[in-house]
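Readers should treat all values here as calculations from the given coordinates under stated rules, not as data from a laboratory. Keep in mind it's a predicted model, so treat the numbers as computed, not measured. For neighbour counting, all protein chains shown are included, and Cβ atoms are generated from backbone atoms with ideal geometry for every residue, glycine included.
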Amino acid sequence: MKDKVVQVILLLCFVLCTTVAIAAVYKNGQDSTKEPSTDVVIPNFSAESRLAWPIQGNILMGFSMDTTVYYSTLKQYKVSPAVLIQGEVGTGVAAPADAQIVSIGSNEEIGNYVMLNLGNGYQAKIGNLKDITVQEGQFVRQGNILGAISDPSAYYSVEGPNVYFQLLNG
């Protein structure tokens with residue numbers, strides 16, 4: 001019985017300390033959405049869920065798997081499995097939903113990217129990044145900063161700095 005009481009007291013102390021720390025962050029005016037989450041997030045995205053944009057900006061190229069779109073840099077028509085959002089190099093790129101970081105990689109088309117598990121079979125791939133602030137396996141909340149916009153890859157040099165934003169299901 002004594003062990004149970006000690007466990008309950010420790011749990012209450014943890015909750016109280018966490019609450020005080022969160023209140024201090026808000027009181028000091030710091031933006032807590034910019035720091036990666038240290039708590040466990042249960043990704044639970046569904047067809048009814050809403051995504052946040054990873055950055056604010058103009059759409060340079062829309063999603064189109066039914067018809068081809070013109071890639072100015074490549075001077076050819078291709079399908080577009082993602083949305084390209086215009087931005088400035090160095091701008092912070094945010095998680096579009098609560099998620100777990102599945103992988104961090106790089107390829108010649110979209111440069112450095114982060115793959116997020118949004119839950120229920122949904123994933124998001126966010127590319128053309130630099131200064132990535134997250135690690136594989138880490139949980140993030142919607143709005144947490146994943147990295148910053150990099151210079152465009154060779155595939156998008158004419159389009160200019162942008163974020164590659166792809167949603168996958170399956």
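Miscellaneous remarks
- Under 5 Å, built H, 5+ apart or other chain: amide partners of L60: L84, I85, Q86
- With K and R counted +1 and D and E -1, the other residues having a Cβ less than 10 Å from that of G160 yield a net charge of -3.
- Cα pair count fraction exceeding 16 Å, expressed as % - the stretch 74-170: 52 percent
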